[in-house]
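The structure is given below, and queries will be raised subsequently.
The values are calculated or read from the model by the stated rules, or taken from the named source; none is laboratory data. Given the structure is predicted, the values throughout are model-derived calculations rather than measurements. Cβ placement follows ideal geometry from the backbone for every residue including glycine, while neighbour counts extend to all protein chains displayed. These accessible areas exclude ligands, DNA and RNA; they are computed on the full protein's heavy atoms, side chains included. Shrake-Rupley method; radii C 1.70, N 1.55, O 1.52, S 1.80 Å.
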There are 4 protein chains.
Amino acid sequence: MTLRIAVFGENRHEKVDQRVQEIYPEGMHTVIAEALRRLLAADGVEAEVRIALLDDIEESLSEEALAETDVLTWWGHMAHDDVPDEIADRVVRRVHEGMGLVPLHSAHYSKPFTRLMGTTCNLLWRNEGEEERVWTVNGSHPIARGVPHPIIVPEQEMYGEMFDIPAPDELVFVSSFAGGEVFRSGAAFRRGKGKIFYFSPGDQEYPVYHQAEIQRVLANAVQWARPEDRPAQPVRIANAQRDWFRGEESVRAI
Amino acid sequence: MTLRIAVFGENRHEKVDQRVQEIYPEGMHTVIAEALRRLLAADGVEAEVRIALLDDIEESLSEEALAETDVLTWWGHMAHDDVPDEIADRVVRRVHEGMGLVPLHSAHYSKPFTRLMGTTCNLLWRNEGEEERVWTVNGSHPIARGVPHPIIVPEQEMYGEMFDIPAPDELVFVSSFAGGEVFRSGAAFRRGKGKIFYFSPGDQEYPVYHQAEIQRVLANAVQWARPEDRPAQPVRIANAQRDWFRGEESVRAI
Amino acid sequence: MTLRIAVFGENRHEKVDQRVQEIYPEGMHTVIAEALRRLLAADGVEAEVRIALLDDIEESLSEEALAETDVLTWWGHMAHDDVPDEIADRVVRRVHEGMGLVPLHSAHYSKPFTRLMGTTCNLLWRNEGEEERVWTVNGSHPIARGVPHPIIVPEQEMYGEMFDIPAPDELVFVSSFAGGEVFRSGAAFRRGKGKIFYFSPGDQEYPVYHQAEIQRVLANAVQWARPEDRPAQPVRIANAQRDWFRGEESVRAI
Amino acid sequence: MTLRIAVFGENRHEKVDQRVQEIYPEGMHTVIAEALRRLLAADGVEAEVRIALLDDIEESLSEEALAETDVLTWWGHMAHDDVPDEIADRVVRRVHEGMGLVPLHSAHYSKPFTRLMGTTCNLLWRNEGEEERVWTVNGSHPIARGVPHPIIVPEQEMYGEMFDIPAPDELVFVSSFAGGEVFRSGAAFRRGKGKIFYFSPGDQEYPVYHQAEIQRVLANAVQWARPEDRPAQPVRIANAQRDWFRGEESVRAI
């Protein structure tokens, strides 16, 4: 079955910041989307990758559009508050139904991610273009497939612990920075029927999403996060009659 | 240091339902609070246990009152929506700062718990007064200290899987019911600097909180959930200057 | 790439117990292997499924044979001690290198599984042909794909808690039994670069492996447990020179 | 109840290496034991701390001695193989029964720890006296109580990922090193009825155990690892008669 991916981009820094424009003249979302198309094709995965922007969010993340989205990647930073609450809640509901979510970098503070985590998602940060090394700490996780140990990102914003997230269901990557801090930079969660992979490399001021190893992680992540082929509905609340499960209803309960 | 406990009771069924009045003439909260006082004293734990009701929630769960609360137990059912959003958010913030939370039974749907979980917290249910057996599945957890294996609750509402919660950080109890269902009935979570223990036995129509083994679990849970003696503040967001941690500031960062 | 599966069968009860012979005239391993062949073909997975017996264990689980095995299912009961220690250690090493392992039912006591767990793997049991209901407790796990909730096994040996295993990395199934006990019947672990899925339904005295839903779980499990395409070697011990990771060596470290 | 602690020291480097003799003239075990005595007294915990050496291991870790030990700390490096297998297995059994174990630094390769983990426990290392920073990644864990964030160890051997352990039940500390590597340096596990806390700072060539913050972690760890007051026996294997749990036997099953 075709893997239907939406790449959400806030696309604000790209409009107002010359440095970002030079690195991403057509936006970070374009680079991410093209990398996903290219790498998924190379992996033999049939995929459709579309772009969803904050400017067209009412359409691009409408109920109908999300109902046909299997995995949503999310980059946002300066305009988290411009995402309407109803749309954030809609994304959360779709994750509960099974849609995968891949929040990137400063999306640690995005509305969908913080609502799914239930924590502040606070962290330390410093923007001095430091080297980041992304170390794999899980020997058998598909998201770490084919990446060097470590991935070296020559220049990045530092994100440091404590990172106020729930303990990840699976911790995949831990980063160190030139300044000495560490960060749980690749963290997998399951919520409802959906899978979430937070991945921190990717500040707008550095060409991180142009880097081949980072693109490999993104391609692995969307494959991992794709829904199982269950009915797209959240776990139900139901008044279950005695012996309900002896009939034909059982499979519908999950 | 004195362990300061608040026992939150919705106290609605007790007012309107004769069956509940007979079992809990002074409310479930009174039985819970007295059990905690008695058992914590027996354990040699210095504790203060106060009652907080929905009717006085503006005062009993005010900023000031919560700031002096170490662990909050929460029973609610028919009036979840009557808890103001601001107070639910205040409870969540206090958990992020370190306060323990012990949601009981139908509080799986309470505003603080669902916001901390980020999931629907849906489940199956059936109210036919079935036997519940509460099995310990964790050999070394302090919340299971001194309880029989299983605890038998003669009559209870059935809560069944799937229970739409994040995978618990520690699964302590799993229940079976006479009708055949299972339920993760004792589940421990860490969120921010706070600890949460959800415990499902305790429907208002059965004398569950009068049962000695159930009281023992509650007394264990509030001890486990008490905050570590760190500053009562959430994990911070902070712009960290290079080498900040070489100065005297480091301990304040967590 | 072809998924290379070995189905290990102890094949002792089948030789000496008439009841088992009637249910499994050609051995449990044959039924399991044929089910895997049929279902993996239906899933579009290219697979080779071979049988490995205790009687030919020196060849069927030789270094060479295991080096070409991606996933090993294991059924054993009365003859755990007849598995040579060297072969048990070899299986453990292969799991560390990336081979998947799917221990079934009484293989909770097999040498490879107990060595990988580091616990006693003790449990309660009762063989009275009780109904078992296998409930899914993980909304997004691929091993639960396409199975009813619950799977009902009409007659089974009871396995009950406490089951002395480490907390699973992912808990997929919890069973209840007619007699009231519960059991963590589907538990996923990662060890080294290998994945392990323990699945408890399947006593030799009942036709459990003939049941379609159980076969579906087995087919899901071997797909989940297949190795990532990394070099087949365990995580290394290495004296790492300063800045080793800036050269070409990095990818070989994991 | 008195907390009975045994501090196991291999005590070999101290005999043969002048540098180690200068830092630890009476052995690392003496410094650790004295720190525990002093800090537990300050915490108001009644404790007995004894020393157990490889030279007297037959007596100091005899069945009788271990039966009266609540928590065992373990430092070993060059003489892991001199620990008899029977004694390693005895330690493992005592952990299954409830004894706490705190393996330190190079004890990642000790027989008891590797048998309890079921993995190779391989890692990267480099001994160049690099700065280590020990970061807390768990906001509410008692083992991180009262320690700075980060703890700075001025000179240490580097231990780096991948560290081939099972995913910890609770990850408490992650370290970075001057050379850029990261390491899961504080990892909590539950096995059987016992608790295990692996803590990596502490190479023999540097005065790490003289450092106050490191001593604080050790004192926190032994308190966390102390057994719950259950019968000192592993989880049992038992043939459970139908309705066994309705009698007086239930509490004995765990």
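Which of the residues spanning region D:131-140 are modelled with pLDDT of 95 or more and not polar (S, T, N, Q)?
D:131, D:132, D:133, D:134, D:135, D:137
Output the qualifying pairs, or none if there are none: Cβ atoms under 8 angstrom, residues six or more apart or on different chains, first residue in region A:73-93 and of a type in the set (D, E, K, R), second residue exposed (fewer than 13 other Cβ atoms within 10 Å of the Cβ).
A:90/A:63
Check residue D:24 against each of (1) closer than 29 Å to residue C:119 by Cβ; (2) open to solvent by less than 10 Å² (accessible area, probe 1.4 Å) and name the one condition it does not meet.
(1)
In region A:100-114, which residue that is hydroxyl-bearing (Ser, Thr, Tyr) and in contact (Cβ under 8 Å) with a residue 12 or more places away in the chain is nearest to residue A:61 (Cα to Cα)? Full working, then the answer.
Here is the first cut: in region A:100-114, the residues hydroxyl-bearing (Ser, Thr, Tyr) are A:106, A:109-110, A:114.
Now narrow it down to the ones that are in contact (Cβ under 8 Å) with a residue 12 or more places away in the chain: A:106, A:109-110.
On the way: A:106: 20, A:109: 19, A:110: 15 Å.
For region A:100-114, the residue satisfying everything is A:110.
Let me ask something else. Tally time: how many residues in region A:6-65 are part of a helix (DSSP H, G or I) and not hydrophobic (A, V, I, L, M, F, W, C)? Please lay out each step first, then the result.
Pass one, region A:6-65, residues part of a helix (DSSP H, G or I): A:13-16, A:18-23, A:28-42, A:54-60, A:63-65.
Going one step further and asking which of them are not hydrophobic (A, V, I, L, M, F, W, C), we end up with A:13-15, A:18-19, A:21-22, A:29-30, A:34, A:37-38, A:55-56, A:58-60, A:63-64.
Of the residues in region A:6-65, 19 are part of a helix (DSSP H, G or I) and not hydrophobic (A, V, I, L, M, F, W, C).
Residues to consider are C:192, C:180, C:160; find the one that is within 10 Å of chain D (Cβ to nearest Cβ), in contact (Cβ under 8 Å) with a residue 40 or more places away in the chain and either farther than 26 Å from residue D:195 by Cα or surrounded by 22 or more Cβ atoms within 10 Å (Cβ to Cβ) (or both). Before the answer, list the steps.
Working: C:180 fails: in contact (Cβ under 8 Å) with a residue 40 or more places away in the chain; C:160 fails: in contact (Cβ under 8 Å) with a residue 40 or more places away in the chain.
Selected residue: C:192, the only one of C:192, C:180, C:160 that is within 10 Å of chain D (Cβ to nearest Cβ), in contact (Cβ under 8 Å) with a residue 40 or more places away in the chain and either farther than 26 Å from residue D:195 by Cα or surrounded by 22 or more Cβ atoms within 10 Å (Cβ to Cβ) (or both).
If a residue must be over 23 Å from residue C:228 (Cβ atoms), open to solvent by less than 20 Å² (accessible area, probe 1.4 Å) and in contact with a helix residue (DSSP H, G or I) (Cβ under 7 Å, 6 or more places away or on another chain), how many such residues does region C:27-51 contain?
4
Follow-up question, since we're still on this one. Criterion first (crowded, with 19+ Cβ neighbours inside 10 Å, touching a Leu at 6+ places or on another chain (Cβ under 6 Å) and closer than 20 Å to residue D:208 by Cα) does residue D:9 satisfy it? Spell out how you get there, then give the answer.
Numbers: crowded, with 19+ Cβ neighbours inside 10 Å: yes; touching a Leu at 6+ places or on another chain (Cβ under 6 Å): yes; closer than 20 Å to residue D:208 by Cα: yes.
Criteria met by residue D:9.
Restricting attention to region B:127-155, which residues are within 14 Å of chain A (Cβ to nearest Cβ) and either closer than 18 Å to residue C:169 by Cα or in contact with a Gly (Cβ under 9 Å, 6 or more places away or on another chain) (or both)?
Residues satisfying the conditions are B:128, B:130, B:131.
Let me ask something else about it. Can you name the residue in region D:222-253 that is assigned to a loop (DSSP other than H, G, I, E, B), modelled with pLDDT of 80 or more and of a type in the set (Lys, Arg) and is also farthest from the chain's Cα centre (by Cα) among such residues?
Pass one, region D:222-253, residues assigned to a loop (DSSP other than H, G, I, E, B): D:226-237, D:240-243, D:247-249.
The next check asks that each one be modelled with pLDDT of 80 or more; those that pass are D:226-228, D:233-237, D:240-243.
Keeping just the survivors that are of a type in the set (Lys, Arg) gives D:226, D:236, D:242.
Working: D:226: 12, D:236: 25, D:242: 41 Å.
Applying the filter and picking the extreme gives D:242.
Same structure again: Among the candidates B:108, B:77, single out the residue that is at pLDDT 95 or above, outside any strand (DSSP E or B), under 30 Å from residue A:92 (Cβ atoms) and within 12 Å of another protein chain (Cβ to nearest Cβ).
Working: B:77 fails: within 12 Å of another protein chain (Cβ to nearest Cβ).
Every option except B:108 fails the conditions.
Return the residues of region D:212-230 that are surrounded by fewer than 19 Cβ atoms within 10 Å (Cβ to Cβ) and either basic (Lys, Arg) or closer than 15 Å to residue D:105 by Cβ (or both); say none if nothing qualifies.
D:230
Could you please let me know if residue B:213 is among the acidic types (Asp, Glu) and under 18 Å from the mean Cα position of the chain (by Cα)? Walk me through it before giving the result.
Details: among the acidic types (Asp, Glu): yes; under 18 Å from the mean Cα position of the chain (by Cα): yes.
Yes.
Oh, and also: I'm trying to understand the selection: among the residues of region A:125-145, which are farther than 15 Å from residue D:162 by Cα and open to solvent by 10 Å² or more (accessible area, probe 1.4 Å)? First the steps, then the outcome.
First, the residues of region A:125-145 that are farther than 15 Å from residue D:162 by Cα: A:125-132, A:142-143.
Selection gives A:125, A:127, A:128, A:129, A:131, A:142.
Which members of region C:80-105 meet the condition of being more than 13 Å from chain D (Cβ to nearest Cβ), in contact with a strand residue (DSSP E or B) (Cβ under 7 Å, 6 or more places away or on another chain) and over 25 Å from residue C:159 (Cα atoms)?
Matches in region C:80-105: C:99 only.
Let me ask another. Kindly indicate which of D:241, D:233 is without any contact (Cβ under 8 Å) to a residue 24 or more places away in the chain and open to solvent by 30 Å² or more (accessible area, probe 1.4 Å). Even if it seems obvious, please write down each step before you answer.
Working: D:233 fails: without any contact (Cβ under 8 Å) to a residue 24 or more places away in the chain.
Sole residue among the options that is without any contact (Cβ under 8 Å) to a residue 24 or more places away in the chain and open to solvent by 30 Å² or more (accessible area, probe 1.4 Å): D:241.
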